[in-house]
Amino acid sequence: MILLDGKKVSSLIKDEIAREVVKMKGSGLKVPHLAAMIAGSDGASETYVAHKGKACDQVGFKSTLVRLEEDVPEKVLFDKIDEINENTDIDGLIVQLPLPSHISEKKVVERIRVEKDVDGFHPVNVGRLLIDQPCYISATPNGIIELIKRYNIETSGKHCVILGRSNIVGKPMAMLMARKGNPGNATVTICHSRTGDIEAVCRQADILIVAMGKAEFVTAGMVKENAVVIDVGITRVESDKTKSGWKLLGDVKYDEVAPKCSYITPVPGGVGPMTIVSLLNNTLKAAKKEIYR
Ligand code: NAP
C-alpha cells in the first residue's frame, strides 16, 4: 500500500509556485493577490481561512481577509464583493462557505466576477469545465487530479466510483475523471443518498473517491483488493487523546481499508493540503491572466 501524501506533494507544489512568484517579481510584475471573505465565526471556516492565508504567505502571495459579522445584511456583503471585483490589485476572491442562512449562496457565487472566481464555483466556470474549455476548476477535485498525476496512477479505462454529488466536489470530480485526457478517461459512477446497494457499487471500484461527510462510512468489505481510495471527508469528533479536545476523521475507516488498497490518502494530510495548493494555483493563473484576459 502506498500512502498518497498530500502534505508532501503540496509542499513541493508550493515551492514551485514560490519560485514562479520570484520570477514574476523579477520581471516587474505584481505578486498574485488573493482575497478571502468570511461572514460569522464558524470554527471550521476560521481554520480553513487561516490555512489559506498562511499558504499565501508561504508562496509570497499577498492576501486580504475581509471579515463580516454573522448578521451582515446581504446588500453589504454584495457591495464588498463588488468592491473587490473592481479592485485591480486583487486577482482572486473566495467567499468561505457555509454562509449565514439569510445570505443566498447562489447569489454570492454568481456575484463574484468569473475572472476572479478562483474557487471555480461560478456557473460559467462549472459550465466551461463540462465542455472542456479553459476555466478555474474547483480546488478539491483539481487537487485530487494533481495528486493522481504526481503518483502516476493509471485512470484510463478504470472504473471510478464517486460517493457524493455536491457541486464543489462530487460532480466536478466526475467530470474530471470522465473527460478525455490523462488523468481521465475513466468510466465513472456517481453514488448519493438514494443509491441502492451502495456497498456493491463500491466493490466494483478500481478508484473510489469518497466525499460524503459521513465519518468512517467506507469499511473494508466495501473495497476491492488493490483499489485506489481517496478520502475527501472531514468530520471533527471529540477526542480525549488530543490537546485540542477534537480530531479529524475521514469518510473511510482507514485502519481496516488501507491494507487492501494499492494507494490511499490519509485524513488529515491527504486531500486537504492539495485543495489549498489548487487554490494557490488558480490564483497564480488569475494573476497571469492565463484563463481570462
Ligand atoms: P455535501 O455537499 O454535504 O454532499 C455530501 C454528498 O454525500 C451528497 O451528495 C449526499 O447525497 C451524499 N451522501 C450523504 N450521506 C450519504 C449516504 N449515507 N449514502 C450515500 N450518499 C450519501 O458535502 P461536500 O461539500 O461534497 O463535502 C463532503 C465531505 O468532504 C465533507 O466532510 C467536507 O467537510 C469534506 N470536504 C473536504 C475538503 C478538503 O479539502 N479535504 C473540501 C471540501 C469538502 P445527496 O446528494 O443525495 O444528499
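As a calculated quantity, the FRET efficiency between Glu70 and Leu130 at R0 = 35 Å, using C-beta atoms, amounts to about 0.50. Angle of helix 74-86 to the longest C-alpha principal axis of the chain, folded into 0 to 90 degrees and rounded to 10: 80°. Around the Cα centre of the chain, unit charges on the Cβ atoms of Lys, Arg, Asp and Glu (plus for the first two, minus for the last two) sum to a dipole of about 760 debye. Relative to the longest principal axis of the Cα atoms of the chain, the long axis of helix 6-26 lies at roughly 30 degrees. Among the listed pairs Lys75/Lys116; Lys180/Lys247; Lys8/Lys107; Lys149/Lys241; Lys7/Lys107; Lys80/Lys214, those with a Cα-Cα distance over 31 Å are Lys180/Lys247; Lys8/Lys107; Lys149/Lys241; Lys7/Lys107; Lys80/Lys214. By other beta-carbon atoms within 10 Å, ranking Leu77, Leu279 with the fewest at the front produces Leu77, Leu279. With a cut-off of 13 Å between beta carbons, the residues surrounding Cys160 carry a summed charge of +1, where Lys and Arg count +1 and Asp and Glu -1.
Gly269: net charge of surrounding residues, Cβ under 12 Å, Lys/Arg +1, Asp/Glu -1, itself excluded? Residues near Gly269 contribute 0 overall.
When you filter the chymotrypsin sites (Phe, Trp or Tyr not before Pro) in the range 113-184 for DSSP loop state and at most 16 other Cβ atoms inside 10 Å of their Cβ, you are left with Tyr151. The alpha carbon centroids of the range 202-248 and the range 25-91 are separated by 30 Å.
Extension gain, Ala18 to Glu225, is 70.6 nm, computed as 0.36 nm per intervening residue step minus the present C-alpha separation.
Annotation: aspartates and glutamates with alpha-carbon distance below 19 angstrom to Lys25 (same-chain offsets under eight excluded): Asp15, Glu16, Asp57, Asp89, Asp91, Glu290.
Take the Cα of Glu290, step 7 Å toward its Cβ, do the same at Lys8, and the gap between the two points is 2.5 nm. When shorter helices are ignored and each DSSP H run of at least 4 residues is given -39500 (n - 2.57), the per-residue value for the chain at 222 nm works out to -12000 deg cm²/dmol. Taking a straight line from the alpha carbon of Lys23, these lysines sit under 18 Å away, with near neighbours fewer than eight places off in the same chain left out: Lys14, Lys62, Lys285, Lys288, Lys289. With both labels modelled 7 Å from their Cα along Cα-to-Cβ, the Arg194 to Leu97 distance reads 2.0 nm. Summing charges over all other residues whose Cβ lies under 12 Å from the Cβ of Val76, with Lys and Arg as +1 and Asp and Glu as -1, gives -4.
Near Val66, the amide H atoms lying under 5 Å from its own belong to Ala36, Met37, Ile38; only residues 5 or more places off or on other chains count, and H is placed 1.01 Å from N.
Laboratory data are not the source of any read-out in this text; all were calculated from the coordinates shown. Predicted model only: the values in this text are computed from it and were never measured. Please note: Cβ atoms are built from the backbone with ideal geometry, for glycine as well, and neighbour counts cover all protein chains shown.
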